[in-house]
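A.B. asks: Structure incoming, see below.
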Amino acid sequence: MAALVLVALLAMLGGPAPFGPGRVGAAARDSVTIVGGNPVTLDPAVQGDLGSAQVTAQLFESLTAVDPALNVRPALASAWVASDGGRTITFTIRAGLKFSDGTPLGPADVVRSWLRLIIPSRPSPLASLLGEIHGARAYLARQSSDPASVGLKVAGDTVVVTFDSPSTDFPALVSGPSFGVVPAAIDDPSTLSPGTFIGSGAYVIAKRTAAELTLAANPNYWAGRAPIGTVHLLTTLGGKSPVDAFEAGTVDYTGIDVSDASWLRYDPVVGPQLRTVPSLSVTYYGFDVRQKPFDDPRVRQAFAAAVDWTRIVNLANSGSLAPATSMVPPGVPGRSSGDFLPAYDPAAARRELAAAGYPGGAGLPRVTLVSSDTGFDAAILADLQRNLGVTVGYESMGFGDYFSRLASDPPAFWTLSWVADYPGSNDFLGLLLGTGSTNNYGHWTSTEFDAAIARATAATDATTATAAFDDAQAIVQRDVPVVPIAYGTGFALARAGLLGASDNGLGILRFASLAWAP
């Protein structure tokens, strides 16, 4: 999915995308009850959190989708072709597409929807997803006021996208919720309200309460009516345990905590309904390189070498976490097995800190780690105290406020969890660390890194791309703008007979793929 996916790693939902009409037997039930996140917004161009993305993905469709095997498949586009060495990609839009209210959906709707991500006065949290399109950065920065200057054009039944440099992963990138096609009246609140909702996805909003979003199958969905007609998406259980609700039969699918999964696997009734939810995700720590002392790479290197990151994750591991070796998690196509984690070396850390002018931490400006609480924070601060003699302050914030602060006023030392928008290495590298990226919260810049990313995204073969991405990761390991620490896996309970509730690691359960067994 193409969404800024910033989440607690242990409660993620996941599943495959729909590819063609689903079928169920005559005895199949026509509703399902799912426990999900409470969306902050229903507008794909505004959403930046997983709770919102989980819902907008059901309501608005993009040109492509990713199947359970992480293959990019056609959705609103029937096909696409690259030309000019990958600098142009032309999507052919299916004939006869309609929004949920029956009005036509065509190439102009796609261009208008995507341009909304880079409106200068209110850019999407994921505006950087369009950063490689010709003219997009200049338009976002108000260097151009003409949307026609952006390389998004309608040509007959096609959408033609032009780039400043080859962008071979763009068809995968646009598979996510941020690229959902919306009606022209999207800014009218009624288009996002029950009864008057207009969308392009498999479902529309039928009802909304403080505890539930009720979704109804869209009869005009491009792939045909979804197999399940009504989805009851519970946004709260009122303090009840998800496990208790599942055992009582009031919910059919729910994410659960690893502490529950550890014993449920042995339950003779519920155990067979327990599922592992893989996650293409990474938790990492970062530095604002504009702020002292982290404007000096030697200080960043000292902090990185002073912490035994692998040991900390292993001690905290209860079956849902694995120590990270790079910014790119396992499962991402083309990922290499290289280890790009900074080496644990307390002696070298002390030497680097002294070389930066802070022997034994003397004279070091006050540093505070600001976090939404990863579970690793206390152990990291203890290692910094023990191995560098540095006392780091600590501040914990709720995720909503924390995310806003990262975007507007990032602390000098911070942490984040990121789930793939699409299955590609650049989603964890160029998007998070590239010069000028809206998701580069540490404001690090490296022409050497940017050049490696450009080589990777221009590559026409996987071997060349992987080598270039590895070059980029080696630069990150050396300069330490961030330190990857953990990969995550979640757990869920899925009712016996509920088909399609499997995961491709992108953190979203596609409701259109669900069906009850006959």
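All of the numbers you see were taken from the coordinates with simple rules; none came from a lab. Bear in mind the structure is a predicted one, so any value in this text is a computation, not a measurement. Cβ coordinates were reconstructed from backbone atoms using ideal geometry, including for glycine residues, and neighbour counts include every protein chain displayed.
A.B. asks: Go through Ile186, Val174, Ile118 and say which Cα lies farthest out towards the positive end of the charge dipole of region 50-188; charges sit on Cβ, +1 for Lys and Arg, -1 for Asp and Glu.
C.D. replies: My answer, from the dipole projection, is Ile118.
A.B. asks: Given Phe60, Asn38, Gly363, which one lies farthest toward the positive end of the charge dipole of the chain, if we put +1 on the Cβ of every Lys and Arg and -1 on the Cβ of every Asp and Glu?
C.D. replies: The residue sitting most towards the positive pole is Phe60.
A.B. asks: How long is the gain from Glu395 to Val154 if the chain were fully straight, where each residue apart is worth 0.36 nm and the alpha carbon distance is subtracted?
C.D. replies: Net length gain for the segment: 81.9 nm.
A.B. asks: Still on this model: What are the ³J(HN,Hα) couplings of region 168-185, residue after residue, when phi is run through the Karplus curve with 6.51, -1.76, 1.60 and θ = phi - 60°? Round to Hz, x for glycine and proline.
C.D. replies: 6, 9, 4, x, 6, 4, 7, 6, x, x, 4, 9, x, 7, 10, x, 4, 8
A.B. asks: Given Cβ point charges of +1 (Lys, Arg) and -1 (Asp, Glu) and nothing else, what value in debye, to the nearest 20, does the dipole of region 50-188 about its Cα centre take?
C.D. replies: That gives a dipole near 120 debye.
A.B. asks: Can you list residues from other chains, or at least 5 along the same chain, whose modelled amide H is less than 5 Å from the amide H of Phe491?
C.D. replies: Those lying under 5 Å, H to H, from Phe491 are Met12, Ile256, Val277.
A.B. asks: Based on Cβ point charges of +1 for Lys and Arg and -1 for Asp and Glu, what charge dipole magnitude is obtained for the chain about its Cα centre, in debye rounded to the nearest 20?
C.D. replies: 380
A.B. asks: Can I ask one more? How far apart, in nm, are two points set 7 Å out from the Cα along the Cα-to-Cβ line at Glu212 and at Asp146?
C.D. replies: With each label placed 7 Å out from Cα toward Cβ, I get 5.3 nm.
A.B. asks: Taking neighbour counts of Cβ atoms within 10 Å as a proxy for exposure, in what order, fewest first, do Ser279, Ser52 appear?
C.D. replies: Ser52, Ser279
A.B. asks: Given a cut-off of under 8 Å on Cα pairs at least six residues apart, what relative contact order in percent is computed for the chain?
C.D. replies: Averaging sequence separation for qualifying contacts and normalising by length gives 25 percent for the chain.
A.B. asks: If you don't mind, another one. How big is the antiparallel share of DSSP beta bridges in region 281-488, given as a percent to the nearest 5?
C.D. replies: Counting DSSP beta bridges with both partners in region 281-488, the antiparallel share is about 70 percent.
A.B. asks: Compute the distance from the alpha-carbon center of region 131-184 to that of region 339-402, in whole Å.
C.D. replies: After rounding, the separation between the Cα centres reads 40 Å.
A.B. asks: Follow-up. What 222 nm value per residue comes from the helices of the chain, counting each DSSP H run with n ≥ 4 as -39,500 (n - 2.57) and dividing by all residues, nearest 500 deg cm²/dmol?
C.D. replies: Value at 222 nm, helices only, nearest 500: -6500 deg cm²/dmol.
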